[in-house]
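The values are calculated or read from the model by the stated rules, or taken from the named source; none is laboratory data. Values in this document were obtained by computation on a predicted structure and should not be read as measured data. Cβ placement follows ideal geometry from the backbone for every residue including glycine, while neighbour counts extend to all protein chains displayed.
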Amino acid sequence: MSLHPHHDGSATYVPEQEPALGQSVPVFIRVPAGADVQTVYVRTTPDGEPRFAEAVVDRRTGSDVWWRADVEVRNPVSNYRFMLAGARSHRWLNAAGRFDHDVPDNGDFKLVSHAPPPAWTRDAVIYQIFPDRFARSAAAAGRTAPDWAIPCDWDTPVIGRGPETPRQFYGGDLDGIAERLDHLDRLGVNTIYLTPIFPARSNHRYDAAGFDTVDPLLGGNAALARLAATVRARGWRLLGDITSNHTGDAHEWFTAALADPHAPERELYYFDEVTGGDNSSSADGHDSASALLGGAPGRMQAGLTSRRDLEPSYESWNGVRSLPKLNWGSAELRRRFATAEDSPLRRWLRPPYSLDGWRVDVANMTGRRGADAYTHEVARLLREVVAQTRADGLVLGEHGHDHTGDLDRDGWHGTMNYVGFTDPVWSWLRHGDDPVPNFLGTPGGVRRRDAHAALATMDTYRSLISWRSYVHSWQLLGSHDSARIRTVVGDAARQEVAAGLLATMPGTPVIFAGDELGLTGANGEGARTPMPWHRPESWDASTFAAYRALVALRRAEPALRHGGLRRLHADAETMIFLREAPTGAVLVLARRAAGTPARIAGLPAGENVYGGAPALRPDADGTVVLPGDGPTFQVWRLG
């Protein structure tokens, strides 16, 4: 197949996926019989000191030799890598790849002994809903729009930039979501993630005016209880969204702090000392900040409703005065937000709502401000409280750039993998006329990359975290904070390739509501498009069929949910990889354009299970030839 040794941290190579501190764990490395490898050592760093142990041959299967070594889980996160000694070379193998020169430890494989993420997440297919734009129940017509809002008909075009973007109010509600669950059932998803549902002064609700009630515009607490019961009756999960970095300036904590410098709420925020930003809320300031921050113009422009010059100075999210920053150095904040029995973190996880966990907004900035560095303390605290409240609760941190320093401890279970999945997929599949001004704040549009560069990006970020954190992170093609995948790639054929990668790569796939219909949008605000329920003729039926088939494929193939990842071939237009599990393996071919058919030796026969290509039948030399047409996405189940 490939004369390269392989190990990836999955169950095929590390049978014990939930090691305990102090446990000795067997790890395996697969070495092709023809490779120049005579001896294998495993290098570990217990308590920070390197040690080497010689591996032994465990078994021989076909053309592969499987070596085994034992690694002591001496520390909560224990590093290891392999040294391959041959007649002509000595090489390292770590999570970043194979090297003939010495490499630092940060790319090593990792065993993590902290309590594992909830098991259900490995089988989840998540559907993200932005409540204002998903569906309206009949009750929505009887609600009066708030004073901050610009009421919109369901067909009113979404304004992608400018002061009106956070004020457009379409009136979607939670009962409307409950009425449309059959659509989600047809698609095949089994988990719903709701962006914020608390009262606020914007359509996105990231400027929470309180955490103790569900926004009456969404139907209030009773509507959430009804939705949760309906979701549970289908055997699905329901996730919420909470802001740990800031509140809105209408939040009762902040208004109390603002009214009285001696109020106990004063310590929940940062007053008087402002670092960075001009705290302006002018339209020009929001537009320029939005251009830099890409995915967050809605939150930037929420500042248009804030009070301006009559208040003392306080720290806020990126200088937006309507989003005052929480001070996690405050024990009282930790109590109110998390540890108290009636805290919002706990309350919504309990019946009758029983949320299955939280996506934590702006997790990357939470607890970080100048010399203050409470981020990991907060992540650990939130995870601990969620686990106390419900043992299978998820705590997933939003992070739009390098998340690798915030994972692999006892904090976030995973992250939204924009940099290690979304960005490289976009850059590989983007069409010629790039309509997207930036990628989550990086100026210059979406970079154009070939498959080698896209895979290098994926592998770089993957190598710096444990396999466990990687597979429990969310893989997504876009969200309410980014352009739509259809706008980035330009047509249905390339979107199918993107959706194929979403369904077959490791990690938890997340579908932003409307992507399955081929909806478009050039930035986060523009992507928050109302679902066209009343215009089914506008749906891209072929795209929906592709998403439905790919979700079904993922749910049917254990290797796609629990298997490892082994690259076989890449050229500018092509990615070919294996997903391998003890129960079987599948072969995946993704092409963005037509090219030279790929010839791969050592593969067994296989039946096509997606894409319609012929079955794999090795020739007399044991070689299979994969199709060269494109764009195409093909999957075979190997015998």
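Miscellaneous remarks
- Within segment 196-230, the set of residues being touching a His at 6+ places or on another chain (Cβ under 9 Å) and closer than 13 Å to Leu355 by Cα comprises just one member, Pro196.
- Complete set of residues in segment 54-80 that are under 19 Å from Leu21 (Cα atoms) and touching a strand residue (DSSP E or B) at 6+ places or on another chain (Cβ under 8 Å): Ala69, Asp70, Val71, Glu72, Val73, Arg74, Pro76, Val77, Ser78, Asn79, Tyr80
- Here the condition is being out of contact with any strand residue (DSSP E or B) (no Cβ under 9 Å at 6 or more places or on another chain), charged (D, E, K, R) and buried (at least 18 other Cβ atoms within 10 Å of the Cβ); of Arg555, Arg494, Arg535, Arg548, it holds for Arg494 alone.
- Neighbours by Cβ (under 9 Å, 6+ apart or cross-chain): first from segment 592-619, farther than 16 Å from Glu557 by Cβ and touching a residue at least 40 places away in the same chain (Cβ under 8 Å); second among the β-branched types (Val, Ile, Thr) and surrounded by fewer than 16 Cβ atoms within 10 Å (Cβ to Cβ): Ile600/Thr623; Ile600/Val625; Ala601/Thr623; Gly602/Thr623; Leu603/Thr623
- Pairing each residue of segment 79-107 that is assigned by TED's automatic domain parsing to the domain that holds Gly48 and surrounded by 21 or more Cβ atoms within 10 Å (Cβ to Cβ) with any residue that is outside any strand (DSSP E or B) and of a type in the set (A, V, I, L, M), provided the two are 6+ apart or on different chains, yields C-beta distances under 9 Å for Arg81/Ala95; Arg81/Val103; Phe82/Ala55; Leu84/Ala35; Leu84/Val37; Asn94/Val103; Ala95/Leu464; Ala95/Ile465.
- Verdict on Arg136 being of a type in the set (Lys, Arg), in a loop (DSSP other than H, G, I, E, B) and surrounded by 14 or more Cβ atoms within 10 Å (Cβ to Cβ): yes
- Looking across segment 74-126, the residues that are within 15 Å of Ile465 (Cα to Cα) and aromatic (Phe, Trp, Tyr) come down to Tyr80, Phe109.
- Residue match in segment 147-164 (condition: of a type in the set (Gly, Ala, Ser), crowded, with 19+ Cβ neighbours inside 10 Å and touching a residue at least 60 places away in the same chain (Cβ under 8 Å)): no
- Selected residue [touching a residue at least 12 places away in the same chain (Cβ under 8 Å) and part of a strand (DSSP E or B)] from Val386, Val360: Val360
- If the condition is being outside any helix (DSSP H, G or I) and either buried (at least 21 other Cβ atoms within 10 Å of the Cβ) or of a type in the set (Gly, Ala, Ser) (or both), then segment 373-383 contributes only Ala373.
- Residue tally, condition within 17 Å of Glu398 (Cβ to Cβ) and among the polar types (S, T, N, Q), over segment 453-481: 4
- Any hit, segment 583-592, residues being at positive phi, assigned to a strand (DSSP E or B) and surrounded by fewer than 17 Cβ atoms within 10 Å (Cβ to Cβ): yes
- Scan segment 149-189 for residues that are of a type in the set (Gly, Ala, Ser), closer than 17 Å to Ala228 by Cα and in a loop (DSSP other than H, G, I, E, B) and the total you get is 1.
- Helices (runs of 4 or more DSSP H) within segment 231-335 that include 1 or more residues surrounded by fewer than 18 Cβ atoms within 10 Å (Cβ to Cβ) and at pLDDT 95 or above: 252-259, 331-334
- Qualifying residues in segment 578-593 (those that are out of contact with any Ser or Thr (no Cβ under 8 Å at 6 or more places or on another chain) and farther than 18 Å from Trp426 by Cα) - the one modelled with the lowest pLDDT: Thr583
- Residue match in segment 533-545 (condition: in a helix (DSSP H, G or I), touching a residue at least 24 places away in the same chain (Cβ under 8 Å) and small (Gly, Ala, Ser)): yes
- Checklist (1) assigned by TED's automatic domain parsing to the domain that holds Tyr206; (2) in contact with a His (Cβ under 6 Å, 6 or more places away or on another chain) applied to Ala598, failing item: (1)
- Subset of segment 566-577 that is of a type in the set (A, V, I, L, M, F, W, C) and surrounded by fewer than 23 Cβ atoms within 10 Å (Cβ to Cβ) - its residue that is nearest to Trp426 (Cα to Cα): Ala572
- Considering segment 110-134, the residues that are of a type in the set (A, V, I, L, M, F, W, C) and in contact with an Asp or Glu (Cβ under 8 Å, 6 or more places away or on another chain) include one that is farthest from Leu568 (Cα to Cα), namely Ala115.
- Test for Trp426: is it touching a helix residue (DSSP H, G or I) at 6+ places or on another chain (Cβ under 6 Å), modelled with pLDDT of 95 or more and more than 24 Å from Asp105 (Cα to Cα): yes
Yes or no, residue by residue, for (1) surrounded by 17 or more Cβ atoms within 10 Å (Cβ to Cβ); (2) of a type in the set (A, V, I, L, M); (3) touching a His at 6+ places or on another chain (Cβ under 8 Å); (4) at pLDDT 95 or above:
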| residue | (1), (2), (3), (4) |
| --- | --- |
| Glu16 | no, no, no, yes |
| Ile29 | yes, yes, yes, yes |
| Arg68 | no, no, no, yes |
| Glu72 | yes, no, no, yes |
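- Condition check for Gly584: within 29 Å of Tyr13 (Cβ to Cβ), touching a residue at least 60 places away in the same chain (Cβ under 8 Å), small (Gly, Ala, Ser) and not assigned by TED's automatic domain parsing to the domain that holds Thr508: no
- A count restricted to segment 371-380 and to residues that are of a type in the set (A, V, I, L, M, F, W, C) and over 15 Å from Gly414 (Cα atoms) stands at 2.
- Hits in segment 389-438 (condition: aliphatic (A, V, I, L, M) and either under 18 Å from Pro117 (Cα atoms) or buried (at least 23 other Cβ atoms within 10 Å of the Cβ) (or both)): Ala391, Leu394, Val395, Leu396, Leu407, Met416, Val425, Leu429
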